[in-house]
Amino acid sequence: MNATEKRQVPKSGGFTLVELIITLLILGILAGIAVPIYLGQREKSKNVEAQENLLALRQLLEQYYNENGCYYKASGSTCAATPATTISGVTNIQAFLTGFKPGNANGLYFNYNITFPAGAATFNAVAARSGTTNANNIFSIDQNNNRQGF
């Protein structure tokens, strides 16, 4: 053997095609696991918006009750003479309960309404996901702190 036959060609510092494919496969598996978890967390955070806003509404309505003796009364009338009423939409609720601050009305994921029966001795506040009728996207709370969907 001569000197040129004994010399070995130095191996290059790159990656083989198999190594690159395995790396991409592992990254794909991790992304396949992480993306659904991330999307699920986003949905949960949207639901928390509704739950927190309903709790704030309940607190404001209790404050109104302590000041007026009922949860709602029509202007110029007594609590007992108040007819059944529903207040729908953030703007209308804010006109009634000025302390209600759910965030930017254009960026909310839920529609809000409060229903008062005649006499307004009780209430039911509801948050329904915009654009859906799925029961999993409807939350409610009443004067006794009975919660549905929470």
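The values are calculated or read from the model by the stated rules, or taken from the named source; none is laboratory data. Just so it is clear, the model here is predicted, and its values are computed rather than measured. Backbone-built Cβ (ideal geometry, glycine too); neighbour counts: all protein chains shown.
Would you be able to tell me the number of residues in segment 93-120 that are surrounded by fewer than 20 Cβ atoms within 10 Å (Cβ to Cβ) and modelled with pLDDT of 90 or more?
First, the residues of segment 93-120 that are surrounded by fewer than 20 Cβ atoms within 10 Å (Cβ to Cβ): 94-101, 103-109, 111, 113, 115, 117-119.
Next cut, modelled with pLDDT of 90 or more only: 94-101, 111, 113, 115, 117.
Residues meeting the conditions: 12.
Checking each residue in segment 14-28 for being surrounded by 10 or more Cβ atoms within 10 Å (Cβ to Cβ) and either assigned to a loop (DSSP other than H, G, I, E, B) or of a type in the set (Lys, Arg) (or both) picks out only PHE15. Looking at this structure, is THR4 more than 19 Å from the chain's Cα centre (by Cα), at pLDDT 85 or above, among the hydroxyl-bearing types (Ser, Thr, Tyr) and farther than 21 Å from ALA105 by Cβ? It is false that THR4 is more than 19 Å from the chain's Cα centre (by Cα), at pLDDT 85 or above, among the hydroxyl-bearing types (Ser, Thr, Tyr) and farther than 21 Å from ALA105 by Cβ.
Please determine whether any residue of segment 37-58 is more than 17 Å from ASN137 (Cα to Cα), out of contact with any strand residue (DSSP E or B) (no Cβ under 9 Å at 6 or more places or on another chain) and exposed (fewer than 12 other Cβ atoms within 10 Å of the Cβ).
Let us first name the residues in segment 37-58 that are more than 17 Å from ASN137 (Cα to Cα), namely 37-38, 56-58.
Filter again for out of contact with any strand residue (DSSP E or B) (no Cβ under 9 Å at 6 or more places or on another chain), leaving 37-38, 56.
Now narrow it down to the ones that are exposed (fewer than 12 other Cβ atoms within 10 Å of the Cβ): 37-38.
Looking through segment 37-58, at least one residue is more than 17 Å from ASN137 (Cα to Cα), out of contact with any strand residue (DSSP E or B) (no Cβ under 9 Å at 6 or more places or on another chain) and exposed (fewer than 12 other Cβ atoms within 10 Å of the Cβ).
Are any residues in segment 69-126 in contact with an Asp or Glu (Cβ under 7 Å, 6 or more places away or on another chain) and among the β-branched types (Val, Ile, Thr), and if so, which ones? Matches in segment 69-126: THR122 only.
Scanning segment 40-64 for residues that are free of Cβ contacts under 8 Å to residues at least 12 places away in the same chain and touching a Phe, Trp or Tyr at 6+ places or on another chain (Cβ under 8 Å) turns up nothing.
Just give me the residues in segment 133-145 being surrounded by 11 or more Cβ atoms within 10 Å (Cβ to Cβ) and among the β-branched types (Val, Ile, Thr), in sequence order. Steps first, answer last, please.
Going through segment 133-145, the residues surrounded by 11 or more Cβ atoms within 10 Å (Cβ to Cβ) turn out to be 137-143.
Those that are surrounded by 11 or more Cβ atoms within 10 Å (Cβ to Cβ) and among the β-branched types (Val, Ile, Thr): ILE138, ILE141.
Quick one: would you say GLU67 is surrounded by 12 or more Cβ atoms within 10 Å (Cβ to Cβ) and of a type in the set (Asp, Glu)? Here the answer is no, as GLU67 does not meet what is asked.
Pairs meeting the criteria (first residue in segment 107-129 and touching a residue at least 40 places away in the same chain (Cβ under 8 Å), second residue among the charged types (D, E, K, R) and surrounded by fewer than 17 Cβ atoms within 10 Å (Cβ to Cβ), beta carbons under 6 Å, at least 6 apart or on different chains) are TYR109/LYS46. Scanning segment 31-89 for residues that are in a helix (DSSP H, G or I), at pLDDT 85 or above, over 18 Å from GLN148 (Cβ atoms) and among the aliphatic types (A, V, I, L, M) yields ALA31, ILE33, ALA34, VAL35, LEU60.
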